[in-house]
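Here is the structure we will look at, set down as structure tokens.
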Amino acid sequence: MPTQKSEIRLMKGNEALAEAAIRAGLDAYFGYPITPQSEVLEYLTEQIPKRHGLVLQAESEVASINMVYGAAGAGARVMTSSSSPGISLMQEGISYIAAAELPCLIVNVVRGGPGLGTIQPSQGDYFQATKGGGHGDYRLIVLAPASVQEMCDFVFDAFKLAEKYRTPAMILSDGALGQMMEKVEFPEEGSLPHQVPTWATTGKKGRERNFITSLHIEPEKMEMINLHLQEKYKEIEKNEVRYETFNIDDAEIVLVAFGLPARICQKAMELARDKGIKVGLVRPITLFPFPKKILSDISKKVNNFLVIELNAGQMVEDVMLAANGRCPVHFKGRMGGMIIQPEDILEEIEKIVEQPIMQE
Amino acid sequence: MFTTDEIIIAGFGGQGVLSMGKILAYSAIYENKETSWMPSYGPEMRGGTANCITIISEKKISSPIVSKFDSAIILNQPSLDKFEKHVKPHGVLFYEASTIIKPPTRENVLVYKISAIEEANKMGKKQISNMIMLGAFLEIKPLVKIESVLAALKKVLPERHHHLLPVNEQALLRGKELIELNYHVSV
């Protein structure tokens, strides 16, 4: 007889993320459909009326993010999701939410850009996600899943972090991860309790008025707000860095990749090790805060970094900052919705290790 | 024995390409194996060719995206033209007899020509040709048991289609027989 653990399910990344959000005690979802993430809205629309929470298809992405702003201000556990062009539309609202110090979850299932682009997977929104995106000096906490299981798990992590630091968190996924199916095991519903915070605008009966705004006309005040935000981001950088390493100890060349390409790199690493090339891999899990220290440490021992991304080279700049000239940082990417293959990465690895090491 | 099998299934939209992969993946879960299913979801799916990569493994799967395959199940000519060269040496290639006029020419691959559409028509239900193909494939590559496929089908098919389970079972068994009775192999 076939045996099956009842809690293990086979699901698309987008569906797993939506199911996880319900189990994480989501109070409200506001969104607008766009390929390749529409399954999130579809799944929630089907499930939420039977369970708990509110789901609303807004009239646009701009409306969605402002509804998120309002609901977060009222103390709700709230999220939205979209794909690249839709996330661009949301940037003004995200900047306001960051300035107003409200927790929420924003999911970007990235597709190829720029412009309306393609519906195929990409990582072209790394800069937008990690360097601010909207106007002003702010950061999001950015988590990059690499499996359907992480599409589930990171929803819980993102809500926890967003609420701990009162700041928006983003899950930066991609079209392939959204559409593919894998096994997933869900945490119990109700395992992430949530109380309405004391700062929330819930009606001032019996207490002082709570006031949430991002408008501070006096520059002295606005500078204080900025200093406070920067302190908070430093705290996040100190406490919340996450990454995964593979075969670092004896590695001569170390691949650096986030999200699904990190798994393609794992395969390339296996192929290279079969040929006797000592390859390691670092997968940043939090893109902000970026795992600078581990990369800095590794740069003292290895001959080369090779950064693999589905873009023209964005995270590679952060890897270069971490390496700070201690070892060469190479880059290989595909763009516009094209996916890099393990064999392409192997070829690049072979090219690099065959090069004589340059003496300065 | 196998540890990992990387399978490409490709054909026209409507031939049951994506569902064949999905059913394989569900069956793998029934046997506590690791699995991943990566569909093509682009414009080609909206009225052209469709494909999916299904991986079944006894260990954790690294990349769900690969470009070389242990097994290929090919249901139309454009897909054969595209994927024939991507089958690993000593891999298997199954192809649909009625839609593919230029047969594969690879010599280091086990090739199986299956008349799944013709058999499905004979059985009076053309939608089951993919299950006939799957039955044939599993006879050569027993990655999952037929019972697991049936259990998966029961789970995947909405209740209102459960009356179709027996005909799907017959189709799987017919596919197995096709291999037993009459297979074309070139090595």
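The values are calculated or read from the model by the stated rules, or taken from the named source; none is laboratory data. Every value quoted in this text rests on a predicted model; they were computed, and no experiment measured them. Neighbour counts are summed over all protein chains in view; Cβ atoms, including those assigned to glycine, are modelled from backbone coordinates with ideal geometry.
Only one of the numbered conditions (1) in contact (Cβ under 8 Å) with a residue 24 or more places away in the chain; (2) within 14 Å of chain B (Cβ to nearest Cβ); (3) in contact with a Leu (Cβ under 8 Å, 6 or more places away or on another chain) is not met by A:VAL256, and that is (2). Listed by position, the helices (runs of 4 or more DSSP H) contained in region A:253-337 that have at least 3 residues being closer than 25 Å to A:SER84 by Cβ and modelled with pLDDT of 95 or more are A:260-274, A:315-323. When restricted to residues that are within 19 Å of A:LEU287 (Cα to Cα) and touching a residue at least 60 places away in the same chain (Cβ under 8 Å), region A:75-94 contains 3. Taking the stated definitions as given, is A:ILE22 within 24 Å of A:THR130 (Cβ to Cβ), surrounded by 18 or more Cβ atoms within 10 Å (Cβ to Cβ) and assigned by TED's automatic domain parsing to the domain that holds A:PHE127? No: the conditions fail for A:ILE22. Counting only residues that are in contact (Cβ under 8 Å) with a residue 24 or more places away in the chain, over 13 Å from the mean Cα position of the chain (by Cα) and more than 16 Å from B:VAL17 (Cβ to Cβ), how many does region B:114-152 have? Total satisfying the criteria: 9.
Taking the criterion of being within 21 Å of A:PRO85 (Cα to Cα) and more than 14 Å from chain B (Cβ to nearest Cβ), the residues of region A:21-41 that qualify are A:TYR29, A:PHE30, A:GLY31, A:TYR32, A:PRO33, A:VAL40, A:LEU41.
Here A:ASN14 fits the description: within 25 Å of A:ARG139 (Cα to Cα) and either within 14 Å of another protein chain (Cβ to nearest Cβ) or in a strand (DSSP E or B) (or both).
What is the number of the single condition among (1) in contact with an Asp or Glu (Cβ under 9 Å, 6 or more places away or on another chain); (2) closer than 20 Å to A:PHE246 by Cβ that A:PRO289 does not meet? All conditions pass for A:PRO289, except number (2). Apart from one condition, A:GLU231 fits all of (1) in contact (Cβ under 8 Å) with a residue 12 or more places away in the chain; (2) closer than 17 Å to A:PRO289 by Cβ; (3) not basic (Lys, Arg); the exception is (1). Helices (runs of 4 or more DSSP H) fully within region A:99-205 that include at least 1 residues being within 14 Å of another protein chain (Cβ to nearest Cβ), over 30 Å from A:LYS221 (Cβ atoms) and touching a residue at least 60 places away in the same chain (Cβ under 8 Å): A:148-165, A:175-179. For A:GLU309, the conditions (1) more than 13 Å from chain B (Cβ to nearest Cβ); (2) out of contact with any Gly (no Cβ under 8 Å at 6 or more places or on another chain); (3) buried (at least 18 other Cβ atoms within 10 Å of the Cβ) all hold with the exception of (2).
Residues in region A:36-93 that are in a helix (DSSP H, G or I) and among the polar types (S, T, N, Q): A:SER38, A:THR45, A:GLN47, A:SER64, A:ASN66, A:SER84, A:SER88, A:GLN91. Checking every residue in region B:49-58 against the condition of being at the interface with chain A (Cβ under 8 Å from one of its Cβ atoms), crowded, with 21+ Cβ neighbours inside 10 Å and touching a residue at least 24 places away in the same chain (Cβ under 8 Å) gives zero matches. Of note, B:SER27 does not satisfy the criterion of being touching a helix residue (DSSP H, G or I) at 6+ places or on another chain (Cβ under 6 Å) and part of a loop (DSSP other than H, G, I, E, B). Every listed requirement among (1) under 21 Å from A:GLY132 (Cβ atoms); (2) in contact (Cβ under 8 Å) with a residue 60 or more places away in the chain is met by A:ILE345 save one, (1). For B:PHE94, indicate whether it is away from chain A (no Cβ under 14 Å), buried (at least 21 other Cβ atoms within 10 Å of the Cβ) and in contact with a helix residue (DSSP H, G or I) (Cβ under 9 Å, 6 or more places away or on another chain). Answer is yes for this residue. Within the option set B:PRO158, B:PRO142, being closer than 23 Å to B:ALA10 by Cβ and surrounded by fewer than 15 Cβ atoms within 10 Å (Cβ to Cβ) holds for one residue only, B:PRO142. Among the residues of region B:122-180, those that are among the β-branched types (Val, Ile, Thr), part of a helix (DSSP H, G or I) and closer than 22 Å to B:ILE29 by Cα comprise B:ILE132, B:ILE140, B:ILE146, B:VAL149, B:VAL156. As an exercise: evaluate A:GLU237 against (1) within 14 Å of chain B (Cβ to nearest Cβ); (2) of a type in the set (Asp, Glu); (3) within 22 Å of A:GLU101 (Cβ to Cβ) and give the number of the one condition it does not meet. So A:GLU237 meets the others, but not (1).
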